[in-house]
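The values are calculated or read from the model by the stated rules, or taken from the named source; none is laboratory data. Just so we're clear, the structure is a prediction, and the values are computed from it rather than from any experiment. All Cβ positions, even for glycine, are placed from backbone atoms using ideal geometry, and neighbour counts span all protein chains on display. To get the accessible areas, we keep the full protein, side chains included, count just its heavy atoms, and leave off ligands, DNA and RNA. Shrake-Rupley method; radii C 1.70, N 1.55, O 1.52, S 1.80 Å.
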Amino acid sequence: CLLPLLESEPSASTPVLRALRDAAGAWMGLLSLDAAAHLARACAAAVATHARLLCALPMVGDQATGLLPDRDRSKQVRAMLDIVAHVASRDPADGGPGGGGGASVAAAHQLGEALSASLHALLPCVVPPLLCEAKLLRGYLHMLSALLESHGSRVLALPAPLPAAIGGHLIAALAHHELAVGGAALDTVFQLARSAALCAAQAELPAAAAELLAGLLQRVGLALLGGSLHPELVDSPGGNALLALIAAAPHRWHEVASSLVELQPTAEGKQAATLAFGALLTARGVSRSLAKPNRVKFRANLADLLRLTRSARFAMPRLE
């Protein structure tokens, strides 16, 4: 009954979306898995319906008449992000009251399909002008974190160009001037890379997901090594994110490190860089494990590497 309201008048859709957000937040964790799947499908239909409408409307600023002001668009996108986050927060392994058996298996699949449909519709609505808003970025990161917590493999299985869109959104969050947003972005990158490392141990990652990780690895690695990441974000979120990305894409890290070695202008500089990058993953008995003790050792190695790159004035490419 809400769909006609979401299709008719964009400027009047904000309270409808907020009502659906509140309903999903209140009930998603209390219902049986079968009932939660029904609610998830209703949420997906509403998000898809309104997201298609938003994507067809131009950005017009806040003073335009007859169209949707940008501030209202932002509110509606935030409400849809919250809806998807509430749906994603339901663990498909939790059958809930009266759950169990084959019905719950089918319901878990339906819940996941509803999330995939929501992402297909919603991600194209998160356009660059909206990514300047800290509140929207926080909502986006919260949604992605909730998805990765229980549905990481589904996020990694999204087809192109959605993984590239996620990468662009995360890079925008990393560059945001609010430290809390940048820290949350790094924590989300850690979650994403951890999910990828677990999936890669069982099967080859889809090409689009592999490219997403490669882009994030290069971005986070160069931000750390080049000193463009705020010092308060280096330890621990930056170090944790880099280790997880290396664990998920070790061959790509080798390529990144090799390219940085080749940037050094002298033979002595190349040798020093080779030793420094080698020590990052070998000193203190570090492995690619993401367990907390290993993360602490890796961050100590990273601190040594950063001191050396600055004292030896290693050549580093500039981030665009």
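About its Cα centre, the dipole of the chain is roughly 720 debye, where the only charges are +1 on Lys and Arg Cβ and -1 on Asp and Glu Cβ. Which distance in Å, rounded to a whole number, links the C-alpha centroids of region 229-249 and region 142-198? Region 229-249 and region 142-198 have Cα centres spaced 13 Å from each other.
Element breakdown for the chain at a 1.4 angstrom probe: carbon and sulfur atoms account for 58% of the accessible area. Counted residue by residue at 0.36 nm each, then reduced by the alpha carbon distance between them, the extension gain from Lys292 to Ala26 reaches 92.4 nm.
In nm, what is the difference between 0.36 nm times the number of residues separating Lys135 and Ala207 and their Cα-Cα distance? Full extension from Lys135 to Ala207 adds 22.8 nm.
Cross-link reach is defined here as a Cα-Cα straight distance under 24 Å, omitting same-chain residues fewer than 8 places apart; for Lys75 the lysines meeting it are Lys135.
Packing, taken as the mean count of other beta carbons within 10 Å per residue, orders the peptides 133-146, 221-234, 262-275 from highest to lowest as 133-146, 221-234, 262-275. For Lys270, the lysines whose Cα falls under 30 Å of its own Cα, not counting residues fewer than eight places away in the same chain, are Lys297.
A Förster radius of 51 Å combined with the Cβ-Cβ distance from Arg71 to Thr266 puts the calculated FRET efficiency at roughly 0.40. Distance between the 7 Å Cα→Cβ label points at Ser258 and Arg284: 2.8 nm. What FRET efficiency comes out for Leu275 versus Ala12 if R0 is 51 angstrom and r is the Cβ-Cβ distance? Round to the nearest 0.05. After rounding to 0.05, the efficiency reads 0.20. Here the alpha carbons of the chain define both size measures, Rg and Dmax, at 21.7, 71 Å. Anisotropy class assigned to region 251-308 is prolate, per the alpha carbon gyration tensor with a/c at or over the 1.5 cut-off and a/b larger than b/c. Accessible surface for the chain, divided over its residues, is 46 Å² per residue with a 1.4 Å probe.
Once C-alpha pairs closer than 8 Å and six or more residues apart are averaged by separation and normalised to the residue number of the chain, the relative contact order reads 14 percent. Within 13 Å, Cβ to Cβ, of Ala117, how many net charges do the neighbouring residues add up to if Lys/Arg are +1 and Asp/Glu are -1? Local charge sum for Ala117: +2.
Electrostatic bookkeeping for Arg78 treats Lys and Arg as +1 and Asp and Glu as -1; over the other residues with beta carbon under 10 Å from its beta carbon, the sum is +4. Dividing the helix sum by the residues of the chain, where each DSSP H run of 4 or more adds -39500 (n - 2.57), gives a mean residue ellipticity at 222 nm of -23000 deg cm²/dmol. For region 68-220, what does the alpha-carbon gyration tensor say about shape, rounded, prolate or oblate, given a ≥ b ≥ c as the root eigenvalues, a/c under 1.5 as rounded, and a/b over b/c as prolate? Note, shape of region 68-220 comes out oblate. Extension gain, Ser153 to Ala19, is 45.3 nm, computed as 0.36 nm per intervening residue step minus the present C-alpha separation. Under a model in which nothing but the beta-carbon of Lys, Arg (+1) and Asp, Glu (-1) is charged, region 208-290 shows a dipole of about 160 debye around its Cα centre.
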